[in-house]
Amino acid sequence: MSATRSEYCVIACAEAWRGAGEILASPMGLIPSVGARLARLTFAPELLLTDGEALLTTADGTVEGWLPYRQHLALVTGGRRHVMMGASQIDRYGNQNISCVGDWEKPRRQLLGVRGAPVNTLNNPTSYWIPRHSRRVFVARVDMVCGVGYDHAGGARFHHVPRVVSDLGVFNFATPDRSMRLASLHPGVTVEEVREATGFALAVPDEVPYTRDPTPAELRLIREVIDPEGARAREVDH
């Protein structure tokens with residue numbers, strides 16, 4: 001039972017919450033959401049999931065508790081939440097942009113706006129999901145800093161960017177200068193493809209592993225329980 005690229009992306013996202021304990025998972029996007037639910041059903045049973053508003057839920061959406069706003073803020077500002085956000089741009093130090101393209105005083109394109117990105121990144125671990133890895137997204141320098149990277153964090157107590165997952169591989173910042181490093185390739189992808197699709201020089205180890213295979217039990221959960229309609233293939237169709 002071979003896995004598709006989208007299913008490797010689900011596994012890579014799920015791994016962001018391995019060993020996290022009882023923290024709030026805030027996945028944004030379909031594949032991160034499938035990954036968080038998979039983690040909860042398998043290796044991270046203490047993970048807290050929500051309905052996006054005020055209720056704590058199980059992986060199948062069953063309500064199991066209430067999360068009042070004051071408690072949500074305590075989790076958000078105290079390092080007890082791990083967000084996985086998207087990025088219109090991300091640079092080699094993990095700065096993220098979701099606000100505008102071009103000079104912010106006169107942008108070529110207006111996007112979502114800064115929103116909660118600074119609070120997320122300075123107060124709790126924040127990873128990123130990029131469904132289409134390209135030089136338009138992986139840029140040398142973001143046009144505007146929304147999510148804060150390692151060169152702007154200023155020693156914030158809970159700042160941490162554990163990983164970036166794209167449709168090509170997994171990346172982290174485990175380098176002396178906290179610049180982006182290629183951590184794993186999804187099967188079928190080469191280092192050359194990743195370099196060609198990235199707008200800055202990545203740190204690349206001599207031996208790059210492949211993203212781990214999903215187990216048969218994980219594939220069954222993804223295909224039959226969490227996403228039986230196959231919506232994941234609409235985010236990553238190869």
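The values are calculated or read from the model by the stated rules, or taken from the named source; none is laboratory data. Everything quoted here is computed from the prediction, not taken from an experiment. When we count neighbours, we look across all protein chains shown, and the Cβ atoms used for this are built from the backbone with ideal geometry, even at glycine. Calculation scope for accessible area: heavy atoms of the full protein, side chains included, ligands and nucleic acids excluded. Shrake-Rupley method; radii C 1.70, N 1.55, O 1.52, S 1.80 Å.
For LEU56, the solvent-accessible surface with a 1.4 Å probe is about 30 Å², rounded to the nearest 10.
With only Cα atoms counted, the chain has Rg and Dmax values of 17.3, 52 Å. Summing +1 for each Lys or Arg and -1 for each Asp or Glu among the other residues whose beta-carbon sits under 12 angstrom from that of PHE43 gives 0.
Helix content alone sets the calculated 222 nm mean residue ellipticity of the chain: runs of n ≥ 4 DSSP H residues at -39500 (n - 2.57) each, divided across all residues, give -6000 deg cm²/dmol.
Taking segment 10-69, which GluC sites (Glu not before Pro) meet the DSSP loop condition and have no more than 13 other C-beta atoms within 10 Å?
Answer by residue number: GLU22, GLU46, GLU53.
Rolling a 1.4 Å probe over the protein heavy atoms gives the chain an accessible area of 48 Å² per residue. Relative contact order, whole percent, for segment 89-197 stands at 30, derived from Cα pairs under 8 Å and 6 or more residues apart. Computed packing ranks the peptides 213-219, 83-89 as 83-89, 213-219, most packed first, by mean other Cβ atoms within 10 Å. Using the Cα gyration tensor of segment 88-137, with a ≥ b ≥ c the square roots of its eigenvalues, what is the shape: rounded (a/c below 1.5), prolate (a/b larger than b/c) or oblate (neither)? Judged from the Cα gyration tensor, segment 88-137 comes out oblate (a/c at least 1.5, b/c at or above a/b).
Here segment 190-237 and segment 64-87 have alpha carbon centers that stand 26 Å from each other. The longest part of the chain holding none of the exposed loop trypsin sites (Lys or Arg not before Pro), meaning those outside H, G, I, E and B in DSSP with at most 15 other Cβ atoms within 10 Å, is 19-107. For segment 29-44 and segment 91-121, what is the centre-to-centre distance using only Cα atoms, to the nearest Å? Cα centroid of segment 29-44 versus Cα centroid of segment 91-121: 27 Å apart.
Classify segment 106-238 as rounded, prolate or oblate from the Cα gyration tensor: take a ≥ b ≥ c as the square roots of its eigenvalues, call it rounded if a/c is under 1.5, otherwise prolate when a/b beats b/c and oblate if not. The shape class here is prolate. For VAL165, neighbours were defined as the other residues whose beta-carbon sits under 14 Å from its Cβ, and their charges (Lys and Arg +1, Asp and Glu -1) total +3.
With contacts taken as Cα pairs under 8 Å and at least 6 residues apart, segment 79-119 reaches a relative contact order of 25 percent. In whole percent, and with a 1.4 Å probe on the protein chains, what portion of the accessible area of segment 102-225 is carbon and sulfur? Roughly 51 percent, rounded to a whole number. If one puts a single equal scatterer on every Cα of segment 129-185 and applies the Debye formula without solvent, what log₁₀ I(q)/I(0) results at q = 0.18, 0.23 Å⁻¹? Evaluating at q = 0.18, 0.23 Å⁻¹ gives log10 I(q)/I(0) of -0.68, -1.10.
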